[in-house]
Each structure stands twice: as structure tokens, then as C-alpha cells.
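What follows is a set of notes on a single structure, which appears directly below.
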Amino acid sequence: SLIALDRDDSLLHAVIATLEPQHRKVCTPVLADIRDVDRLDDVFDHHRPQLVFHAAALKHVPALEGAPSEGWKTNVLGSANVVNVSERHGVERVVNISTDKAANPANVLGYTKRIAERLTAAAAARTGRKFVSVRFGNVIGSRGSALETFTQQIEQGGPVTVTHPDVTRYFMTIPEAAQLVIQAGAMSQGGDVFVLDMGEPVRILDLAYRLVR
């Protein structure tokens with residue numbers, strides 16, 4: 001069975017609707033916020049998950065630079081709740097979805113996600129369980145990706161905004177990201193941070209020009 005947990009009821013409904021009918025039968029949507037530890041405890045107590053994929057995060061760099069306390073509440077305290085509740089309820093594996101911005105962090109997003117990685121590794125050391133983090137870059141087609149932002153700007157007639165002409169990012173598809181996250185969870189011995197081989201970086205400016213053309 002699959003338990004799909006999110007605080008966004010509309011998104012949760014939309015995700016469940018994309019599943020094939022036979023898969024929908026074994027998927028249970030659960031409305032909850034990882035900031036609410038009591039609610040998480042209730043959910044884990046009821047469903048008893050063996051494996052947790054922790055993907056909940058605030059991830060827009062400018063938004064978090066403007067409201068760092070919100071990043072702290074979700075990315076750090078929320079992650080601590082997920083890890084601690086998983087520990088209390090006997091979860092065998094936790095896969096924390098991180099970001100390449102957690103390497104040598106230079107902004108609020110990077111710092112908060114780095115702390116979440118440390119919390120995950122600390123729980124692995126404390127429990128001996130297979131709690132792991134996976135870092136990757138831009139997932140094409142995911143909410144808030146550069147590609148999605150550029151496409152929207154182009155459809156609206158521009159302008160297309162690029163933070164800096166020399167910025168590069170790694171890109172991967174949603175199926176690749178999902179497969180590699182599952183693979184990392186299976187391979188982990190606990191406390192690891194997996195950094196995925198995402199090929200060659202792409203200059204964001206070149207990507208923007210290509211999309212415009």
C-alpha cells in the first residue's frame with residue numbers, strides 16, 4: 001500500500017487522479033502538515049509505514065531569502081518531525097529528498113536542507129536503521145523548476161529572467177529522479193548522502209535562449 005501525505009489538498013487530489021485505477025485502489029491520500037508533530041504521530045500510528053520518502057519542503061530560493069523562518073519551520077523542524085516520528089514508530093528506511101544546493105550552502109534553502117541531511121544521518125547513527133539522503137538538481141517538469149518558470153514567462157510574452165549569465169544547473173527527468181531515489185533507498189546502509197551522477201551541467205542562459213527559439 002502507498003500512503004500519499006501532503007498539506008495541499010488540491011495537489012493531493014490531483015496526484016491521486018493521475019494513478020491507474022488498479023494503483024489507486026492501494027493508495028490512501030492523507031492530509032497532514034509535517035510541521036504538526038501530533039498529526040504525524042497519529043498518521044504513523046494508524047498506517048505503520050515501513051518506508052518513508054520525505055519530499056516535503058519549501059524550495060524556492062528567493063521566497064526563502066525573504067522569509068527564512070518559514071524555511072526553518074518546514075525544512076528543518078518539519079524534517080526533524082518526520083525523522084523523529086519515523087524513529088518512534090519503527091520505520092525501517094527513510095529517504096530524505098535533498099538538493100545539490102546543500103553542498104557548500106550559500107543561501108537559506110541550501111542551509112536548511114543541509115541541516116535536514118545532518119538530522120537524517122544522526123538518526124541513522126542513533127538507531128542503526130537505513131535513513132539516507134539523496135541530492136539532485138533540477139527535475140524537468142517538477143513544480144518550480146527553471147524550465148517550468150521559463151516556459152510560463154515565454155507564454156506570457158516575456159521577459160525571461162535569468163539570475164546570472166554564468167549560472168549552470170543539472171537537469172533530469174521525473175522518471176529518472178523517482179527511479180534513482182528508490183534505488184538509493186534500497187542501496188543505503190544508513191547515514192549516507194547519495195549524490196546522483198546527473199551528467200553535464202547546462203548553462204541556464206543557453207537553456208533560456210533555446211526555449212525562446
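The values are calculated or read from the model by the stated rules, or taken from the named source; none is laboratory data. No experiment lies behind these values; they were computed from the predicted model shown. Note that we place each Cβ from the backbone using ideal geometry, even for glycine, and neighbour counts take in every protein chain shown. Surface accessibility is based on the protein's heavy atoms, side chains included, excluding ligands, DNA and RNA. Shrake-Rupley method; radii C 1.70, N 1.55, O 1.52, S 1.80 Å.
A few remarks follow.
- Proximal charge balance of residue 138 [Cβ under 9 Å; K/R count +1, D/E count -1]: 0
- Carbon and sulfur %, accessible surface of region 66-160 computed with the full protein complex present, 1.4 Å: 53 percent
- Counting only the Cα atoms, region 58-105 fills a convex hull of 77 Å³ per residue.
- Full extension of the chain between residue 197 and residue 4 yields a length gain of 66.7 nm, computed as 0.36 nm times the residue separation minus the alpha carbon distance.
- Dipole check for the chain: with +1 at the C-beta of Lys and Arg, -1 at the C-beta of Asp and Glu, and the Cα centre as origin, the magnitude is about 300 Debye.
- Residue-count net charge about residue 104 - beta-carbon cut-off 15 Å; Lys, Arg +1, Asp, Glu -1: +3
- Volume of the convex hull of region 111-213 (Cα atoms only), normalised per residue: 112 Å³.
- For residue 1, the shell of other residues with beta-carbons less than 14 Å away shows a net charge of +3, using +1 for Lys and Arg and -1 for Asp and Glu.
- Sparsely packed loop sites in region 1-104 (the trypsin sites (Lys or Arg not before Pro) outside DSSP H, G, I, E and B with at most 15 other Cβ atoms within 10 Å) comprise 25, 35.
- Distance histogram for the chain (every C-alpha pair counted, 10 angstrom bins, percent rounded to whole numbers): 8, 30, 37, 19, 5, 0
- Label point of residue 182 set 7 angstrom out along Cα-Cβ; within region 70-103, amide nitrogens under 16 Å from it belong to 95.
- For the chain, the solvent-accessible area works out to 57 Å² per residue, with a probe of 1.4 Å and every protein chain left in place.
- Database remark: amide H of residue 99 closer than 5 angstrom to the amide H of 136 (H placed geometrically; neighbours at sequence offset of 5 or more, or on other chains; Pro and chain starts carry no H).
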